[in-house]
Every structure is written in C-alpha cells, then in structure tokens.
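The values are calculated or read from the model by the stated rules, or taken from the named source; none is laboratory data. Worth saying up front: this structure is predicted, and the values here are computed from it rather than measured. Reconstructed Cβ throughout: ideal geometry from the backbone, glycine too, with neighbour counts over all protein chains shown. Just so you know, the surface numbers come from the protein's heavy atoms only, side chains and all, with ligands and any DNA or RNA stripped out. Shrake-Rupley method; radii C 1.70, N 1.55, O 1.52, S 1.80 Å.
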Amino acid sequence: MPDKRDIRFFPVFIGATIGILLEEIGILVDEFVIGNISTDEAFASVNLIEPYIYFEVFIGYLISVAAAAFIVRAHGAGDHKKMGDLFSQTLIVCGICGIILTSIYTLFTPDLVRLVADDPAVYDGALDYFNAMRFNPLVALFDTFLLTYVLYRGGYVQYYVAGVSRVGINALLSWQLGLQMGLFGVGLASVISDMVELLIVCTFLFTKKHGIRFRWHLNFREVLEIARVGFPESALAIFMILFEMVVNTNTLENYGASGVAAVAIVINVFECVFYLSEGISEYEIVAMNDSIGKNSSERMDYSIKITKRAAMIEGIVLTAIILCASFIMPAAFDIDDAETAGRATIMLIILAPATIFICFSRIAGVFYQYTRRLLRAIVMIGMAIAVLPILFSMLFGQIALEGIAVGIASGPVVAIGLMYGYVRFIKKEKLFSYGMCKVQEM
C-alpha cells in the first residue's frame, strides 16, 4: 500500500474545504449585509452582478490551478528548475490578465451592468456594487494562484490565517462601509479584504524551505498548454456565469425581483456545494499529479479509491446540513416577504438530495481533466452545473417558482447518469479508468 503520508488526504482536504467554505462565507457576507441593511431589490442587484465575479474565477483557474498542479508534478519528479519556471511564469500571467480584465470592466461598466441588470428596480444598485468590484481582478488572480500554490505545498497556517482574516475584515468593513456608502461600500470592503488575504499568504514565500526565486520566464506555448489542460475545471466558473445569468434572467421575467431573491438563495447553495466539493477534488489533483510525477499506478489507484469514498460521505453530510438549514436560511438573509421565504425553504429541501451527485460529477470531471480526456471533462462539468440545470429549470419553472429548484436539482443527477451510461456501455470502460503512460505525456 502507498505511504499515506505522501497521499496527504486530510491536510489537503481539510485545508481546501475550509478555504472554500471561507470563500463562500466571504461572498455570502456581502449578501447578508445587504439583505439586512437594504431592500430585496438591492439583494437581487448583487446576485445579478455575480457572473462577472465568476468570470474572474474562470480566468484565475485557467491560468493558475493547472500550473500549481504541474508544480506538484515537477516536485514529485524532483525537477526544481521546472518548479521555479512555472511559478514565475504564472505570476507574470496573473499580472497581465488582471490589468486587461480591470481595464475592460472600467471602460465598459454601464454596458456590462445593463447586460445583466436592465430592470430599473435593480440597475442602480448593481451599478454601485460593480463600480467597486471592477478593480478586484488586480488582486483576485494573484490570490487564486498563491492560495492554491500554498495549499499544495503545505502552507496550511498561512492558508488558514489568510482565509479567516479575509472573512473577518470583509464582515466588519462591509457593515461599516455599507451603512456609509451603500452597495459601493460593500464591494469596496470585498476588494480590501482580498488585498489583506494576499499579503498574508505571501509570507509563505519568504520561508527558506518553500520560497521560490522569481525570474523572468514566459513561454507562450507552455502558457497555452497549461490553459488547455486547466480549462475543464476553470470552465466551472464560466458554466456558473451562464447558469446564473439564464436562471436569474428567466426568474426575473416570470416572477419579478422577489422571485430572484428566493431563487438566489437556492443558486448560492447549489454553487456552494460545487465549491465545497473542491476540498475533495483538490486532494484528487495533488494526489494524482504526485502519482504521475512518481510514475506510480499503485498510488494513483489508492487516491481514486479515497476520492470516491470521500465524495459519497461529503454528499450525505451536505444533504443533511441543507435540510436542517433550509428553515432558517431565508430568515438569515432577511427575506421580507413571508411567502417568498417559505417558497425558498421548499426549494432548498428539493435541492438537498442532489448534493451527492454534485460531488461525484465534480470529481469525475477533474479525474478526466488530469488523465487527458479534456472533452469528456468539459462535458461532464458543463452538463452538471449549466446545460441540464438551465434546460430543466426553464422547463419546470413554467409550472411554478418551485419548479426552478426541481430543474436545478435534476441537472447533476441526470448528468452523472448519462456519463456513466456512455462510459460503461459505449466506451466499455469503468467510470474512473486511466492509462499511466498516456497521462504522463504532459
């Protein structure tokens, strides 16, 4: 049996899960503050801007996560020069992309807001919030890479302190600045807290053991290859953008701002489950790439077994948590209308059982991504979080507001079923099969 100290399940899993939980709490802090100091329309305004925030996540994952995974692979192979080249190159790309994205957001602010929030009831609030958040890419892309790198390299203290500090500072500043400056102040608090998080996590780089000397290295072919391999998981953010835009727009047209407020809670929980499953998928990425670097099929098989068990357990636990929290979550966001709050509770109960399938669709997509079946990975993740939830929510949403939750919950269930049928009966393979020689080509 492989040495479990090398597999590092619990440190990576716990670290990534807590990190993602803190990330989601940080997002929810803005909405919680807005729900308590302003109107339901203001709460809806922030959710309508979420697609642009998730686009930042997409860019960050595209240029960072696969790069960090390949740094782990180089570490497993003992290639320290390659580690340094990849690290330096990713920092350069983060800086370039951050400048470009912030420039686009700044030049086209009114048009971008109008694209997702054209209703007069929500436009002004969305514009105020976006006026602050448009500067976030300058910080967020570095945050994404360095947090991932620190987690993969074992900097758990810096990782935890940075995440907790971000949430605490965001909660404090969101309330204070929100009362004084409105939605602009809430967005500004998020940017400031991200900057503090980045400064804290950078302290890991100054340790003698884990520090990597920066040098100018930019190989465009290598950058494109990293982006190509990293695209399936980074596409998760794009699929979330598409999912949020279509579902929110459809809900706004059919059920108004109060309907968006109720559905926004369901969307947040659905996406939170996908992100919490990242705790397992991050372990999966580290263990797989470490196994590939060491050319060990035995380690790979062991990591797959652990990953599948963890996905099942986490799915069951999250189902129970959502069911218990469904009765208090609308009140936590201070949904004013009693009928809207009650319907939100019903929708959360409908969503809860789908969490097991969400976890399995996530780890299946990541597995195919790093075993070089990129198209299969994209299809798996895209069907589970965007294509099928959108289609089913539009279909069942015509019946009632609660039908939107039925459609959202049906997406990952049907997606994992279709992928299993394709792999098992058409490709004649197991769902998690691989060839070591092929995955070592990168």
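Couple of notes before you dig in:
- Charge dipole magnitude, Cβ of K and R +1, D and E -1 - the chain, Cα centre, debye nearest 20: 2600
- Electrostatic tally near F396: other residues with Cβ closer than 15 Å to its Cβ, Lys and Arg +1, Asp and Glu -1, net 0.
- Helix runs (DSSP H) in the chain reaching 15 Å along axis by Cα, Kyte-Doolittle at least 0.0: 9-37, 40-77, 80-107, 120-133, 137-152, 156-181, 183-201, 220-276, 297-325, 338-351, 355-370, 401-421
- Here the sum of -39500 (n - 2.57) over DSSP H runs of 4 or more residues, divided by the residues of the chain, equals -28000 deg cm²/dmol at 222 nm, to the nearest 500.
- When +1 charges are put on Lys and Arg Cβ atoms and -1 charges on Asp and Glu Cβ atoms, the dipole computed for region 46-141 relative to its Cα centre reaches about 560 debye.
- Residue of L188, L224, L146 that the Gaussian network model of the chain assigns the largest fluctuation, springs spanning Cα pairs under 10 Å: L224
- Other residues with beta-carbon under 14 Å from the beta-carbon of F214 carry, at +1 per Lys or Arg and -1 per Asp or Glu, a net charge of +2.
- Solvent-accessible area, 1.4 Å probe, carbon plus sulfur percent, for the chain: 68
- The packing ranking of peptides 81-87, 289-295, highest mean first, is 289-295, 81-87, where packing means the average number of other beta carbon atoms within 10 angstrom of each residue.
- Charge-dipole axis of region 86-221 as Lys and Arg at +1 and Asp and Glu at -1 on Cβ define it, positive-most pick from L91, L138, G185: L91
- Accessible surface for the chain, divided over its residues, is 39 Å² per residue with a 1.4 Å probe.
- Dipole of region 236-392, positive end: most advanced residue of L375, I267, N295 [Cβ charges, Cα centre]: N295
- Loop-resident sites, region 177-244, for chymotrypsin sites (Phe, Trp or Tyr not before Pro), counting at most 15 other Cβ within 10 Å (DSSP): F214, W216
- Angstrom value of the Kirkwood radius, inverse mean 1/r, which spans all Cα pairs in the chain: 22.1
- Assuming charge only on the beta carbon of Lys and Arg (+1) and of Asp and Glu (-1), the dipole of region 241-350 about its Cα centre is about 480 debye to the nearest 20.
- For the pair region 293-320 / region 101-164, the C-alpha centres are spaced 31 Å from each other.
- Taking every alpha-carbon pair under 8 Å whose residues sit at least 6 apart, the chain reaches a relative contact order of 21 percent.
- Length released on extending from E429 to I313, taking residue separation times 0.36 nm less the Cα-Cα span: 39.3 nm
- By average C-beta atoms within 10 angstrom, highest first, the peptides 307-317, 278-288, 191-201: 278-288, 191-201, 307-317
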